[in-house]
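Q: My questions will all concern the structure given below.
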């Protein structure tokens, strides 16, 4: 037999050790600590932090849109639910293009919120080649097929 390299020999020794000394407890083969691992000190958040970040970003986008149209807008309301009414109230004198932009942002956010909440039934069907079927999105060909 030829000479085995050190890595192969060490791996064989480790394999033999694990076969001769099977794991018998929750600590397993730990080289850091053979005692039980401590429990988490801080509990998990009671809400989805990603959703909170999404809401904050949406409010910031509405505030930026409003202040672009009306730099002298009132301060943001304390309650997040009132942000869209605040936006419409403070942009009531907007021209048609600005009003269209505002309503587009509000509608897009409405759809984004519905998707995050898995409320697909509130999303109207579009002729974009996408069909919502419950929790799944199905891409379909729009128009005549070419065979």
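Q: Can you confirm whether residue 104 is modelled with pLDDT of 90 or more and under 30 Å from residue 120 (Cα atoms)?
A: yes
Q: Being closer than 14 Å to residue 61 by Cα and touching a helix residue (DSSP H, G or I) at 6+ places or on another chain (Cβ under 7 Å) is the filter here, so list the residues in the stretch 74-100 that pass it.
A: If the condition is that a residue be closer than 14 Å to residue 61 by Cα and touching a helix residue (DSSP H, G or I) at 6+ places or on another chain (Cβ under 7 Å), then 76, 80, 83, 84, 87 are the ones that fit.
The values are calculated or read from the model by the stated rules, or taken from the named source; none is laboratory data. The model shown is predicted, which means the values in this text are computed figures rather than measured ones. Ideal geometry is used to build each Cβ from the backbone, glycine not excepted, and the neighbour counts take in all protein chains shown.
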